[in-house]
Amino acid sequence: MARSPTLGISDEKYRHLYVVMEHEEGHLLQVNFEMLGEARRLMDEFNSRYSSEEKVVAILLGHEMRTQCDKLISCGADAVIYADSPEFKYHRNLIYTRVISQIALNKDCSKKISAQYGDEFQRPRFMFFSADDTGRHLSATVLAELDSGLASDINKLVIDDIELKHEHKTKGQVEKYNKTLEMYRPDFSGFLWTTILCLDNRHPDNRKDYHPQSCSIIPGVFSPIPSDSSRKGIIVDFAAILKPADLNVKILSRKAVKSPIDFDSHKAIVSFGRGINESPEENIALIDILKRELDAEVGISLPISKKPYNISNSKLSAYITPERVIGTSGRKVAPSVYIAVGISGAMQHIAGMKESEFVIAINPDTDSAIRDECDIFIKGRMEEVLPILVEELKQLKAIVEVRS
Ligand SMILES: Cc1cc2nc3c(=O)[nH]c(=O)nc-3n(C[C@H](O)[C@H](O)[C@H](O)COP(=O)(O)OP(=O)(O)OC[C@H]3O[C@@H](n4cnc5c(N)ncnc54)[C@H](O)[C@@H]3O)c2cc1C
């Protein structure tokens, strides 16, 4: 992939960056502001580089939430397309997919957002979703409906002009792809970055456009821009068209299920990952001792929840459960002390514990990403470090007891 000089293209049918908002019972989620912050940074640079005036457009579906559109403008949106209905109060994937797809293809909305590009507009140029459980599902179904591509779990974005030669995409010829969204995702626990491109197919036998170029973004990765209530923007009300079949699934009652694992009432959380794998049962027993010494709760990394080990002790095997996963696929925690034992520090895990006040990592690999996220890095194998730590804690406790 090579960089090429910027080319001027006048007749573009793809415009703007649309960002899909999420809320829970009418409360906007923090990830919205993170996505808007990154969208603002990208589009400011885009507009100055390409001398254009493309917009950051937030899409919000909800009920009686119109007053919250101003907040989205204060935090980076140039426009908010807002659809209101009692049907949108709670997320239902089928309905949300229908309406968001309608919005993405709607010319009238785009004309209201920008008269300049309204006539030529066919679809958004780029689209962002959150990479939480809701956004991952929604992004896949919306992009299937729009018949374009999607990269999931992204934590770095760049817009650039590239040259590419590909057997299927370009019939082996070098082609220029301007204004391409390069979407980076951490793979293999963050040891490898994959760049994902969603490119139009220029092969003469199989031409096809793939827009919007879309991705879901890991919560907690990007920073919001400071809120500025003097920022100006427009709110476009969208009247969605729903067919009776779209409403087949009804919410008759709703009950929030409380997790059986109470992370919030513990000051410390001890989490373990695949670093236990040399002798899983013995190592979980060590974790259990530390947990009891600290009166901590136990968390795990995602791969552990897939039950890769045979643990005969039922008390210890009870720690291996999806409810204990910390990260984008599990819980977000913010204890006073977070101890990561045998965890490499993949982005998806960090997103779940980065609000912790004090982080200690135990890991023999000084190159592991968790090193950048912790206050104390103990270089060593858990088998050796944990018994020493427990012994120290016992002695400290004894001193405190004697003094009191
Ligand atoms: C869509 C998606 C969503 C995801 N969501 C989540 C999520 O919510 N939460 C999550 O955790 N992951 C999630 N992941 C997985 C994530 O990318 C990583 O693969 C995962 O976090 C790695 O788990 P780990 O740190 O336990 O294992 P590894 O990356 O294998 O790390 C093991 C670590 O243990 C260390 N180690 C080895 N031996 C010892 C020893 N004796 N003592 C101490 N340390 C030792 C190693 O040096 C290494 O750093 C997700 C991935 C995807 C693709």
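How do the strands (runs of 3 or more DSSP E) wholly within region 172-276 filter down when requiring 2 or more residues that are over 29 Å from LEU146 (Cα atoms) and within 16 Å of the ligand (Cβ to nearest atom): which remain? Give the derivation first.
Numbers: elements: 174-187, 192-196, 213-217, 234-237, 268-272.
Where strands (runs of 3 or more DSSP E) fall fully within region 172-276 and carry at least 2 residues being over 29 Å from LEU146 (Cα atoms) and within 16 Å of the ligand (Cβ to nearest atom), they are 268-272.
What residue, among those in region 151-171 that are part of a strand (DSSP E or B) and open to solvent by 60 Å² or more (accessible area, probe 1.4 Å), is nearest to ALA104 (Cα to Cα)?
First pass over region 151-171, keeping only residues part of a strand (DSSP E or B): 151-154, 156-165.
Still in the running and open to solvent by 60 Å² or more (accessible area, probe 1.4 Å): 156, 165.
On the way: LYS156: 23, LYS165: 30 Å.
The extreme case among them is LYS156.
Is region 310-319 home to any residue that is in contact (Cβ under 8 Å) with a residue 60 or more places away in the chain and either over 19 Å from the mean Cα position of the chain (by Cα) or open to solvent by 70 Å² or more (accessible area, probe 1.4 Å) (or both)? The answer is no; no qualifying residue exists.
For region 32-56, filtering for residues that are open to solvent by 10 Å² or more (accessible area, probe 1.4 Å) and part of a helix (DSSP H, G or I) leaves 12. Screening PHE129 with (1) more than 25 Å from SER48 (Cβ to Cβ); (2) in a loop (DSSP other than H, G, I, E, B) gives one miss only, at (2). Once region 178-215 is narrowed to residues that are among the hydroxyl-bearing types (Ser, Thr, Tyr) and open to solvent by 10 Å² or more (accessible area, probe 1.4 Å), the residue that is nearest to the chain's Cα centre (by Cα) is TYR184. Can LEU393 be described as buried (at least 19 other Cβ atoms within 10 Å of the Cβ), more than 16 Å from GLY273 (Cβ to Cβ) and touching a residue at least 40 places away in the same chain (Cβ under 8 Å)? No, not satisfied.
Would you be able to say whether some residue in region 122-132 is at pLDDT below 95 and either in contact with a helix residue (DSSP H, G or I) (Cβ under 9 Å, 6 or more places away or on another chain) or closer than 21 Å to GLU45 by Cα (or both)? Within region 122-132, one or more residues are at pLDDT below 95 and either in contact with a helix residue (DSSP H, G or I) (Cβ under 9 Å, 6 or more places away or on another chain) or closer than 21 Å to GLU45 by Cα (or both). Residues considered: GLY352, GLY327. Of these, the only one that is in contact with a strand residue (DSSP E or B) (Cβ under 7 Å, 6 or more places away or on another chain), modelled with pLDDT under 95 and either outside the structural domain of LYS291 (by TED's automatic domain parsing) or closer than 20 Å to VAL257 by Cα (or both) is GLY352.
The values are calculated or read from the model by the stated rules, or taken from the named source; none is laboratory data. This is a predicted model, so every value here is computed, not measured. Note that we place each Cβ from the backbone using ideal geometry, even for glycine, and neighbour counts take in every protein chain shown. The protein model used for the area step is the full one, side chains on, heavy atoms only, and it has no ligands, DNA or RNA in it. Shrake-Rupley method; radii C 1.70, N 1.55, O 1.52, S 1.80 Å.
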